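Here the structure is laid out as structure tokens; the discussion comes afterwards.
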């Protein structure tokens, strides 16, 4: 009988996750009953938000269960169909990542057209990271043409899109990332106006240098000392869409908050947390704008692709070391 | 020659201000030239925001100058008029507080009608604290009927209005203050649903107890550990209008920020600093609503009045000890 590999949560991580928190399990590829599909995933996503689901805590999405298969965005192909509306060979976006094969009754699937964009794009620029960057920058961040934008985690899946979207709106864009190679990538490949390596030098000094006219929109991906320093360089009426605080996700002790938070008052800063799935009303605008930019060759889509489900846990762990540039993707087929 | 007393900034405070930072100076009462008024202040305001102006730092309002008279809201009477449009006996709101007499060319004065409300009301419910509470709660805080509201510094000039405005909008209202007497005042005089003394017990436990259904709008007056604890009890899509952080104004070391700030993301919280003078477009609504409530006897106006300009510095210093209930006012006449 053919086998399907999948990754289970072996135990809940304390602090930084390790490979011991994951188990590779082989199961029989199941047969679809009437009304079911058998789907084979081609690509799966690993994302920083998954760290939150490994915690046994109430949040906007239920926690992963120990001993159960993990979940996440994926793009798969219909291999067998006993369900009207789906044909063998159809490609579908699904939330049953971290596994090779699965059965579906069709709920929660979204067909994707492989002729429009590479399949993996639905996990990045055309998927959750894309809508996250779009909603955060334009709706939560209320970005206006010509403003000063700073994005942390700028070479990541979301950050690399934030910077490009803002440039396309005629803004000045600066960013931070964790290596010289990424800084070069931001400036030379993505067209950032300025960028710096947050691991070197004084944060506040570096921010002042790359954003000499202050910051109107700070797209927050990292939290910690970066937020503290950025607040000092924000302009009056600035906005901080808070997408993530990856520097704090593995903390075992409470992370000190920004000592500069009182700057919110004299500068009248708005700081707002958001999650992409609250912003699906933007989908039409998103598809028009981002689909259009993509078609016109105006967006550089960067992916770090690792091959084989055996590498999925390492790919996930790598997010916290910054081993990815652009979207981290696991290719399963 | 008649004398006018005024208070000068003797030196910039380091940390908590002391009486040594102030000097009482006597000057001759000047004579108005053509186009000028001589005004005698009846009431002057002391407000926490003035601590910020004692710092030599760029902000939304220029710093006070050492050796110069302080400034702030006041209500005075026209004693001599050489300026058309102003008659002897007119009462005017002005920003020339901290002094008994002054000359004016009429700029920045606003006539007030003593038959509508007591003069001191223009420094409180009908003045800056009133519009601050109104704008923060309704515009920045986007308060909806029936929501759960928590306000810190609840017995202060702004907080005492915030709680009453929210009750008038059909909300559940809880607050914190610094003495048993104030807690009784909040519950029995102002009609708060619940209140606690922040100096006793565990903040997070107390907040959970007074806000069992969570918090939709947290009106922030104090900062520090209160904000850190409140973030844990905020509801999804909650709003935090940030009016002040009085607990941090005298800090000589950076105050630790809220270690719970990452809660902004899963709870999609909006936190926004604001200053009343950005919200003067609300003046018509404010006058209709707050003027109406006042006229209908629906608002309790609490003031702590000290007499004589000699007491002004102590009144100001008392703000940081919570010696006031409601608006702290200095009566000069």
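The values are calculated or read from the model by the stated rules, or taken from the named source; none is laboratory data. Everything numeric in this text was worked out from a predicted model, so none of it was measured. So basically every Cβ, Gly included, is an ideal-geometry build from the backbone, and we count neighbours across all protein chains shown.
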*Across segment B:240-259, which residue is surrounded by the fewest Cβ atoms within 10 Å (Cβ to Cβ) among those that are modelled with pLDDT of 95 or more and at the interface with chain A (Cβ under 7 Å from one of its Cβ atoms)?*
B:259
*For residue A:45, state whether it is away from every other protein chain (no Cβ under 14 Å) and free of Cβ contacts under 8 Å to residues at least 60 places away in the same chain.*
no
*Of all the residues that make up segment B:165-184, how many are in a helix (DSSP H, G or I), closer than 22 Å to residue B:244 by Cα and out of contact with any helix residue (DSSP H, G or I) (no Cβ under 8 Å at 6 or more places or on another chain)?*
3
*What number of residues within segment A:49-68 satisfy the criterion of being more than 11 Å from every other protein chain (Cβ to nearest Cβ), in a loop (DSSP other than H, G, I, E, B) and crowded, with 17+ Cβ neighbours inside 10 Å?*
2
*Look through segment B:296-317, keep the residues that are without any contact (Cβ under 8 Å) to a residue 40 or more places away in the chain and within 20 Å of residue B:179 (Cβ to Cβ), and return whichever of them is nearest to the chain's Cα centre (by Cα).*
B:304
*Can you run down the residue pairs with Cβ atoms below 7 Å, 6 or more apart or on separate chains, where the first is in segment A:222-244 and farther than 17 Å from residue A:154 by Cα and the partner is part of a helix (DSSP H, G or I)?*
A:231/A:261; A:231/A:263; A:232/A:204; A:232/A:263; A:233/A:207; A:233/A:208; A:234/A:263
*Give me a count of the residues in segment A:317-333 that are in contact with a helix residue (DSSP H, G or I) (Cβ under 9 Å, 6 or more places away or on another chain) and part of a helix (DSSP H, G or I).*
1
*Check A:209, A:199 and return the single one that is without any contact (Cβ under 8 Å) to a residue 24 or more places away in the chain, over 28 Å from residue B:52 (Cβ atoms), more than 10 Å from chain B (Cβ to nearest Cβ) and surrounded by fewer than 23 Cβ atoms within 10 Å (Cβ to Cβ).*
A:199
*Test residue B:272 against the criterion of being buried (at least 17 other Cβ atoms within 10 Å of the Cβ), within 12 Å of chain A (Cβ to nearest Cβ), under 26 Å from residue A:132 (Cα atoms) and at pLDDT 95 or above, and give yes or no.*
yes
*Check whether at least one residue in segment B:119-132 is touching a helix residue (DSSP H, G or I) at 6+ places or on another chain (Cβ under 9 Å) and over 20 Å from residue B:46 (Cβ atoms), and report yes or no.*
no
*Out of the residues in segment A:215-234 that are farther than 14 Å from residue A:258 by Cα and away from every other protein chain (no Cβ under 12 Å), state the one that is nearest to the chain's Cα centre (by Cα).*
A:219
_What's the number of the only condition in (1) more than 8 Å from every other protein chain (Cβ to nearest Cβ); (2) more than 22 Å from the chain's Cα centre (by Cα); (3) more than 28 Å from residue A:191 (Cα to Cα) that residue A:332 fails to meet?_
(2)
*Condition check for residue A:326: assigned by TED's automatic domain parsing to the domain that holds residue A:230, crowded, with 16+ Cβ neighbours inside 10 Å and in contact (Cβ under 8 Å) with a residue 12 or more places away in the chain*: no
*May I ask you to list the residues in segment A:295-316 that are modelled with pLDDT of 95 or more, part of a helix (DSSP H, G or I) and surrounded by fewer than 20 Cβ atoms within 10 Å (Cβ to Cβ)?*
A:310, A:311, A:314
*Please find, among A:71, A:84, the residue that is touching a strand residue (DSSP E or B) at 6+ places or on another chain (Cβ under 7 Å) and at pLDDT 95 or above.*
A:71
_in contact with a helix residue (DSSP H, G or I) (Cβ under 8 Å, 6 or more places away or on another chain), more than 8 Å from chain B (Cβ to nearest Cβ) and over 18 Å from residue A:154 (Cβ atoms): is that true of residue A:204 in this structure?_
no
*asked:* Being out of contact with any strand residue (DSSP E or B) (no Cβ under 8 Å at 6 or more places or on another chain) and under 24 Å from residue B:48 (Cβ atoms) is the filter here; which residues of segment A:238-271 pass it?
replied: A:262
